[in-house]
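A quick write-up on the structure given underneath.
Throughout, read-outs are computed from the coordinates displayed, never taken from laboratory work. Here the structure is a predicted model, which means the values were calculated and not measured. FYI the Cβ positions are ideal-geometry reconstructions off the backbone, even for glycines, and counts take in every protein chain you see.
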2 protein chains.
Amino acid sequence: MSELPEAWEARRTPPTLFRRFEFERYSGTRAFLDALAELAEQSGTHPQNISFGTTYVNVTLEAAGGGEPGEAELGLAARINALYKPVSA
Amino acid sequence: MSELPEAWEARRTPPTLFRRFEFERYSGTRAFLDALAELAEQSGTHPQNISFGTTYVNVTLEAAGGGEPGEAELGLAARINALYKPVSA
């Protein structure tokens with residue numbers, strides 16, 4: 001597997017990629033969720049799960065076939081990182 | 001505590017209200033999430049957690065002070081139910 005994008009964690013059972021994103025306030029959380037939804041719709045690739053509260057968003061990516069996350073998931077993780085603007089949130 | 005709105009479950013440790021909403025496809029999920037976000041912003045009350053995938057949304061409500069869910073949470077649960085349109089999703 002290629003290198004993990006910054007701050008992502010490879011988890012087992014089942015194999016997934018996971019990252020927690022934190023925000024100063026809800027407006028930043030909402031903007032990030034909207035950007036994630038746009039990315040999913042544009043790419044046709046949806047995270048397996050997105051779990052959020054007022055100031056955090058946890059994202060879990062799973063390979064489409066259920067096996068090891070591969071280039072597609074690593075690429076999506078990197079694109080999600082690019083949406084994250086914690087300072088201006 | 002007043003009666004639980006339809007299909008909500010009272011959970012313990014910590015005390016929360018929980019409901020799972022299911023959708024035929026992502027477009028319905030996305031519309032429901034957008035409506036939930038609007039409701040949260042209008043009411044100034046945010047669910048403790050929202051966890052979703054392509055065709056489901058799990059919503060957890062917690063009392064603001066961390067105690068037993070009360071009228072505010074029951075009212076929010078009922079308003080969330082009113083946003084749910086599973087058939088047209």
In the stretch B:53-89, residue nearest to B:Phe21 (Cα to Cα) [restricted to those that are more than 10 Å from chain A (Cβ to nearest Cβ) and acidic (Asp, Glu)]: B:Glu73
Test for A:Glu62: is it touching a strand residue (DSSP E or B) at 6+ places or on another chain (Cβ under 8 Å) and closer than 21 Å to B:Leu33 by Cβ: yes
Residue that is at negative phi, part of a helix (DSSP H, G or I) and out of contact with any Cys (no Cβ under 6 Å at 6 or more places or on another chain), where the choices are B:Ile80, B:Ile50: B:Ile80
Hits in the stretch B:7-52 - residues which are surrounded by 15 or more Cβ atoms within 10 Å (Cβ to Cβ), touching a strand residue (DSSP E or B) at 6+ places or on another chain (Cβ under 8 Å) and either of a type in the set (Val, Ile, Thr) or more than 8 Å from chain A (Cβ to nearest Cβ) (or both): B:Trp8, B:Pro15, B:Thr16, B:Leu17, B:Phe18, B:Arg19, B:Phe21, B:Phe23, B:Thr29, B:Phe32, B:Leu36, B:Ile50
Residues within the stretch A:57-77 that are in contact with a helix residue (DSSP H, G or I) (Cβ under 7 Å, 6 or more places away or on another chain) and assigned to a strand (DSSP E or B), tallied: 3
When residues of the stretch B:7-27 are limited to those that are part of a loop (DSSP other than H, G, I, E, B) and closer than 11 Å to B:Ile80 by Cβ, the one nearest to the chain's Cα centre (by Cα): B:Trp8
First in the stretch A:28-42 and in a helix (DSSP H, G or I), second anywhere and polar (S, T, N, Q), Cβ under 8 Å, 6 or more apart: A:Gly28/A:Thr55; A:Gly28/A:Ser88; A:Thr29/A:Thr54; A:Thr29/A:Thr55
Test: residue in the stretch A:53-72 that is under 23 Å from B:Gly44 (Cβ atoms) and within 10 Å of the chain's Cα centre (by Cα): yes
